[in-house]
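Trainee: Just passing along the structure, written as structure tokens.
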Amino acid sequence: MASSPAGRTLDIGELTTAIEDFNTFFIRLPSVRKFNFSTLSVLHTLERKGPLRLTDLTATEQLKQPALTSLVAKLERDGLVSRRRDPRDGRAVLISLTRDGREVVRSRHADRMARLARLADQLTEQERDVLAGWAGVLARLTEIAAAGDAS
């Protein structure tokens, strides 16, 4: 536990449980098209990071290369990703989202925003103010984790 300047103590266990419980709800929000977690993770990674080599994608996903290769092949057959030669290295292939793949990510994001807005409307003004501050804090924690500074 760590103290904040406001004198409150940060309870990491409580924070972890709250994030886990929220994620359990949030990642399962219904959507028009159903995809498994690995598929969605790959699509969202490609949306945020742009075209990637399979080896780079393997580093971000919790899949072994054979499973990821199979998943990418399925996504390519479904028209959600495409492969092209890496212009910097003709031996390598870059995987990127197609228009349909970007639309899946965009529509899921829009759906989650609408659902979260309805939930946030049920909070008090003070709770919404607190939540507004958390968005920046969670974004910063994500940046730290992505930079590899969290062990």
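FYI, it's all coordinate maths here, none of it is from the lab. Keep in mind that this is a model prediction, so the values were computed, not measured. Cβ sites come from the backbone with ideal geometry, for glycine too, and all protein chains shown count toward neighbours.
Trainee: 222 nm [θ] for the chain, helices only, -39500 (n - 2.57) per DSSP H run of 4+, per residue, to 500? Mind dumping the intermediate values first?
Mentor: On the way: 6 runs with 92 residues, N = 151.
When only DSSP H runs of four or more count, the value is -20000 deg cm²/dmol.
Trainee: If the only charges are +1 at each Lys and Arg Cβ and -1 at each Asp and Glu Cβ, what is the size of the charge dipole of the range 34-98 around the Cα centre, to the nearest 20 debye?
Mentor: 120 debye
Trainee: Between Asp56 and Ser82, what length comes free when the chain is fully extended (0.36 nm per residue of separation minus the Cα-Cα distance, one decimal in nm)?
Mentor: Additional length available on full extension: 7.8 nm.
Trainee: Nearest 20 debye, what's the magnitude of the dipole of the chain about its Cα centre given +1 on Lys and Arg Cβ and -1 on Asp and Glu Cβ?
Mentor: Numbers: 24 positive and 20 negative charges, 198 e Å.
Its charge dipole is roughly 960 debye.
Trainee: Right, another one. Which of the trypsin sites (Lys or Arg not before Pro) found in the range 58-100 are in a DSSP loop and have at most 11 neighbouring Cβ atoms, other than their own, within 10 Å?
Mentor: The qualifying sites are Lys64, Arg88.
Trainee: Could you work out the relative contact order of the chain? I mean the mean sequence separation of Cα pairs under 8 Å and 6+ apart, divided by the number of residues, in percent.
Mentor: 17 percent
Trainee: Can you give me the distance in nm between label points at Ala132 and Asp100, each placed 7 Å from the Cα along the Cα-to-Cβ direction?
Mentor: With each label placed 7 Å out from Cα toward Cβ, I get 4.2 nm.
Trainee: For the chain, which DSSP H helices look membrane-span-like by this rule: Cα extent along the axis of 27 Å or more and mean Kyte-Doolittle of at least -1.0?
Mentor: Result, helices passing both filters: 99-120, 125-146.
Trainee: Something else now. May I ask which residue of Ala114, Gln65, Thr45 lies farthest towards the positive end of the charge dipole of the chain, with charges of +1 (Lys, Arg) and -1 (Asp, Glu) on Cβ and the Cα centre as origin?
Mentor: Gln65
Trainee: Normalised by the residues of the range 34-98, what does the relative contact order come to in percent, with Cα pairs under 8 Å and at least six apart?
Mentor: Relative contact order here is 35 percent.
Trainee: Any idea how far the Cα center of the range 35-69 sits from the one of the range 106-121, in Å?
Mentor: 24 Å
Trainee: At a 10 Å Cβ-Cβ cut-off, how would you order Val137, Val104, fewest neighbours first?
Mentor: Values: Val137 9, Val104 23.
Ordered from fewest to most neighbouring Cβ atoms within 10 Å, Val137, Val104 come out as Val137, Val104.
Trainee: Given a Förster radius of 25 Å and the C-beta distance between Phe37 and Leu141 as r, what FRET efficiency does 1/(1 + (r/R0)^6) yield to the nearest 0.05?
Mentor: Details: r = 21 Å, r/R0 = 0.83.
Given R0 = 25 Å and the Cβ-Cβ separation, E is 0.75.
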